[in-house]
1. Rounded, prolate or oblate: which fits the stretch 60-267, taking a ≥ b ≥ c as square roots of the Cα gyration tensor eigenvalues, rounded meaning a/c under 1.5, else prolate when a/b beats b/c?
2. Note the full-extension length gain between residue 321 and residue 143 as 0.36 nm times their separation in residues minus their Cα-Cα distance, in nm to one decimal.
3. Can you list the residues of the stretch 47-68 with backbone N under 15 Å from a point 7 Å past the Cα of residue 252, pointing along Cα to Cβ?
4. Applying a 10 Å radius around every beta-carbon, put 281-287, 164-170, 175-181, 326-332 in order of their mean neighbour count, most first.
5. Looking at the stretch 60-267 only, what percent of DSSP beta bridges run antiparallel? Nearest 5 please.
6. Between the stretch 236-297 and the stretch 24-98, what is the C-alpha centre distance in whole Å?
7. So what is the 222 nm mean residue ellipticity for the chain from helices alone, if each DSSP H run of at least 4 adds -39500 (n - 2.57) and you divide by all residues, rounding to the nearest 500 deg cm²/dmol?
8. In what sequence, highest mean first, do 348-355, 88-95, 224-231 appear when ranked by Cβ atoms within 10 angstrom?
Ligand SMILES: *Cc1c(COP(=O)(O)O)cnc(C)c1O
C-alpha cells in the first residue's frame, strides 16, 4: 500500500472509503432534462435589479446570524402557519443532513426509514451520520405499502421517516390518509419529515397541519421553484423541536449572496409562481404526448418530472444521449423501476426537442 492509501485506511471510515460519490452527469451541450431544474430565468429587468442588490451586499461581513428578514419573508410568502418559524438550510440537502446529525446517537443505533425508491440523500445522509437506514419497497404500482411501512415502524422505531411528497423519482403523491397514519404511528418517539420539494407543482401540502402533530416536520426548497443555484431549503416544525434541530445548524450556513437573492426573489414570488403554472401546463401536454407512443407507460405525476416505462431503458437512454438529450435512467435504482426513465418537464421548445429525440430513439 502506498503512503496515501495507508493514511486513508487509518484516517477515513471504511464505509466511506467503500462508497461511491454522488455522481452528477456533465451536461454541457445537452438539452438538460435530468435534474428537475426550472428552465426559466427571472426576467431581465429583475435580474438587473438583483445585480444591484448583490453588489450592495456586505461581502466582508458575516451574515446576520438570525436570518430574521429572510425567515419572515419565507413564512409570509410560502404558507407557514401562524406561530411557526422556519429553519434555513444550504439546500434542503443540508437540512436532511442536520436532521440525521441531530438524531444519530452514541448509546445505540438510531434508524432512518423511508419508502424506496425515493430521494437518495435520505439513505446517504443516514449513513454519513452513522445511522441505520431501512428502506420499505413501494408496491409495483408505485403506491405506498402502508401495512409494510407500519410494520417496519413498529419493528425499528425509527427516529426519522422521510416521505417525499410527491415522491422523487416516481412523481406520485402518496395517499394523504397513509401519510397521516405514518405521522400518528410515530407519535411520541419519531419524526415524520414530509419533503415537499415539488410543492409548486403538486399544490398539496402538510404545512397547514403542523399545529395538529408534534411529530410532523415539513421540509421544502426553492430549488425546483426556479432557484436551484442559490441553494436554499427551509423546514418548519413545532417551535420546541425546531430549537433543538437549530443547535446543529452551522451558524452562518446561508451566505449573504443567497440571502440577498432569496429575499429579492420572494418579493417577486408571483413571477416564480407563474413559471410553475407554465410548467404544470407543459407537464399535462408532455404526458399526453408521451401516452401516444405505443409500448410506453406514463405514470401519474404531481411534480415537474414524468416517469415512463419503455421497452428498453438502457438502449433508449443511450440513443437520447446521442441526440444530445440528457434525462435520468432510473431503471437500475430499484426493481419496481425496471425500464423506467425520468424526464424533467421544461419549456415547450425543449419538450418538443425531447419528444422528437424520443420518437427517433424508440423507432431505431
Ligand atoms: C431535489 C430534491 C431535494 C433537494 O433539494 P435542494 O434544496 O436542492 O438540496 C430534496 N428532496 C427531494 C425529494 C428532491 O427531489
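Quick note: the coordinates plus some simple rules give every number you see, no bench work behind them. Note that the structure is predicted; figures quoted are calculated from it, not measured. As a convention, Cβ positions derive from the backbone with ideal geometry for all residues, glycine included, and neighbour counts pool all protein chains shown.
1. It is prolate, given that a/c is not under 1.5 and a/b is the larger ratio.
2. Computed gain between residue 321 and residue 143 is 61.1 nm.
3. Answer for the stretch 47-68: 57-67.
4. 164-170, 326-332, 281-287, 175-181
5. Taking every DSSP beta bridge with both residues in the stretch 60-267, the antiparallel ones total about 30 percent.
6. Using only Cα atoms, the two centres lie 9 Å from each other.
7. -12500 deg cm²/dmol
8. Listed from highest to lowest mean packing, they are 88-95, 224-231, 348-355.
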